[in-house]
Each structure stands twice: as structure tokens, then as C-alpha cells.
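Worksheet: one structure, shown below.
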Amino acid sequence: MSLSLLTAFTACSNDDDDNTVVCILPPHDGQLKFELDADSIPHSPHMNAYSQEAFEKNFCGKGWECLSVAVINNDGWSSRQNLVGSLLGWGPTHYYIGSGGRATAFFYSDAHGYVNNGLFYCDTSWTYEPASNTLRMGDGTAMQIVYVTTSANDGFCYALSRWGKHANGTPVYVVSLFRMMTEGRLAEIRKRYSADWQTVEKQP
């Protein structure tokens, strides 16, 4: 599934709680649209508040696999190009969000490709800021959750994050699509990304 296919959204709610932020209509041939402020920072006009309780209920104890990453263009539209699988020497980061602020990141390191084909895991931490729907990881990564829909066995999350700067100095922002992993898929990810990054960092 590509972010470029997801353009139509509709608000929805659950009978027993308010854990769903936005539900997704069937995909269409288009892109995601964001509003840019004077500093070229994208904002979602559809974003609703996502409480600490909702975050912990729907994210904690689950793995989240990054399926797609798209750059936000200068006109506010997300690029049609999915960077996952299209950039040499780079791979997406997947996460397991544990309870008590604990997390695990699964990622690829081209510079250490000689170890487990460059597939690593790193135990880290997380904090959540409900005032801005922002998830902050211990490695400094900050992701603003803009769309979420979850059920007992499946779920999707769309998050904005900053990726540095363009050549002209303006910031680069991307929107990433994460899918909730099944227990089987999480086990596969743990098996593949089995090299401990902390052991590599300690090497002279």
C-alpha cells in the first residue's frame, strides 16, 4: 500500500471509546494534502486530538511496520514516490512500542552491512505528548501522529517527521505509513533484525 493512494478520509468513532482519530475511505489515485505555514511546516487539517490513554491502549504492546515514506512537496502534497525500497543504502525503521516507556527500533545500517546484512535492533525509550500528538523516541526521532485507525487485530498510523533540509535550506518533511504487526509478523521482524546495535556502537 502506498501513501500516494490514500487521499479520502472521514471522521468516525467507536461505541465504547474515542480511540479512533480518522478512518480511511477506499483508496483513490491521488496524494495526501497538508497545509504549509509560513515556515514551510506541514499541518494536517483533519487531525484530531489523540489522548495519552488512547495512545497507550492502541500502541503499547504492538509492533508497527513502516510500509511507506513520502516527502511533502512545496505545495503541501505528498510525493507519489514511496522512498521505501527506492533509496540505495537506506531502509525504513520499524518499532515495537512497549509499556512503561520502553521500545525497540528495527532498522538497516548500510555502514555496518557486514553484520547480519545490516539489520539491527536497538532498545530505546518513548514519550508521548498528547497536546501535539507527538511520539518522541529515545534516539531523538519525533513523529506527529496525524491519522490513526485501529481494531483488535489491525491498524494503520500516519505520522509526520522532519528529515533535514532541502538544498535551499527549507526543511524536509515526510509522512510515513505504519501498519500494526501481527504477532507472527513481529516475530519475523525480530528474527531478521537480530543484531544488537549497542554492541556495534561499543566497538572501537
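Projecting the Cα atoms of PHE178, ALA103, ASN116 onto the dipole axis of the range 94-200, where Lys and Arg carry +1 and Asp and Glu carry -1 at the beta carbon, places PHE178 farthest toward the positive end.
Only Cα pairs under 8 Å and 6+ residues apart enter the sum, and on that basis the relative contact order of the range 138-181 stands at 33 percent. The charge dipole of the range 30-166, taken about the Cα centre with unit charges on the Cβ atoms of Lys, Arg (+1) and Asp, Glu (-1), comes to about 120 debye, rounded to the nearest 20. Averaging 1/r over each pair of different alpha-carbon atoms in the range 126-178 and inverting the result gives 12.3 Å, the Kirkwood hydrodynamic radius.
Bear in mind these aren't lab numbers, they're just calculated from the coordinates by the rules spelled out. Quick caveat, the model's predicted, so the values are computed rather than measured. All Cβ positions, glycine included, derive from the backbone under ideal geometry; neighbour counts span all protein chains shown.
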